[in-house]
Amino acid sequence: MSKVVVISGIAQGMGREVSLMLAAQGYTICGFDIEKKYLDSLSDELNKLNAKHHLESLSITDSDKILKFRDAVLKKFGAVDTVVSNVGIGFFGPFEELNLVKALQCFDINVIGCARLLQAFVPSMRKAKSGKIVVMSSLVGQVPFPFESIYSATKFAIEGMVSSMRYEVKTFGIQVAMIQPAQVSTNFAAKAQQLPETNSPYYDRCVRFINRDNELIKKATNPKQAAERIVKVITAKKPKLFNQVDFMSTFFLGLNRFLPQKLKDKILLDHMNINV
């Protein structure tokens, strides 16, 4: 019997690549996104693979529609084996100058959005006494980067939430894993990167940070390479709680465990070309 996976943010990037790889392995693909045109083209690709699928256009902020999506999936396929929380937005800027209303929206999408998805599907997994939850975190969920205070905060929150929830659901046979990419060569960062006003005291360092970030993205793991590693986590019998998909995240997380704070700070600031 085909395993059923649910993926939020499925239409583009890593979510799309993961869905196609799993479909090629015989998985039934269910997911949602706000980008209907990309959902339609994904549906065409899944049809070419003869993959069973159920895709809907909806937002991670719409609790009622997520529950309706869940009901439709369970009615159609009976059970869900794996849920992948993949939706997230970036947030960039000097902390002093941040728009906190927009920051709250970032928390709603990145953290509460993840919670909405997991709350929707955990009950059926608990009753089945099996299931797997895979949540997209980030390197900055443990190693905060300058000018990414709100984004880092959302990923710290996700890691705390998921690590705590893991203890609660483990007794029901539900496995939990997190993915911690540093950079993947998509337009994710570019969407978030907005320079402060030129008279900002942070302007020069923000420019240097963005230039360095864009330089690193050109050499970063691409969505297909990242998806291959994510699929290995999804299909593993006993996945690790924390999983990296690129060298940079493995490197910085390793430094974070062993080096003194002063040295870690210097390496990070030099790496992003913003040391003063």
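Quick notes on this structure:
- With an a/c value of 1.5 or above and a/b not larger than b/c for the gyration tensor axes a ≥ b ≥ c computed over the alpha-carbon atoms, the stretch 38-86 is described as oblate.
- Heavy-atom accessible surface of the stretch 70-153: percent carbon and sulfur, 1.4 Å: 59 percent
- Taking 15 Å as the straight-line reach from the Cα of LYS68, the aspartates and glutamates in range (excluding those fewer than 8 positions away in the same chain) are ASP33, GLU56.
- Counting heavy atoms of the protein chains alone, GLU168 has an accessible area of about 120 Å² for a 1.4 Å probe.
- Candidate lysines - alpha carbon under 25 Å from LYS65, same-chain residues fewer than 8 apart omitted: LYS3, LYS36, LYS37, LYS52, LYS75, LYS76, LYS102, LYS127, LYS132, LYS155
- Of TYR203, TYR27, the order by accessible heavy-atom surface (1.4 Å probe, DNA, RNA and ligands excluded), from most exposed downward, is TYR203, TYR27.
- In the full protein context, the stretch 1-137 carries 47 Å² of accessible surface per residue, based on a 1.4 Å probe and ignoring ligands, DNA and RNA.
- Of interest is the spacing of the C-alpha centroids, which for the stretch 211-261 and the stretch 33-85 amounts to 26 Å.
- Three-way shape label, the stretch 81-211, alpha-carbon gyration tensor, a/c 1.5: prolate
- Rounded percent of accessible protein surface that carbon and sulfur make up, the stretch 221-276, 1.4 Å probe: 59 percent
The values are calculated or read from the model by the stated rules, or taken from the named source; none is laboratory data. From a predicted model like this one, the values you see are computed outputs, not experimental measurements. Keep in mind that these areas ignore ligands, DNA and RNA; they rest on the heavy atoms of the full protein, side chains included. Shrake-Rupley method; radii C 1.70, N 1.55, O 1.52, S 1.80 Å.
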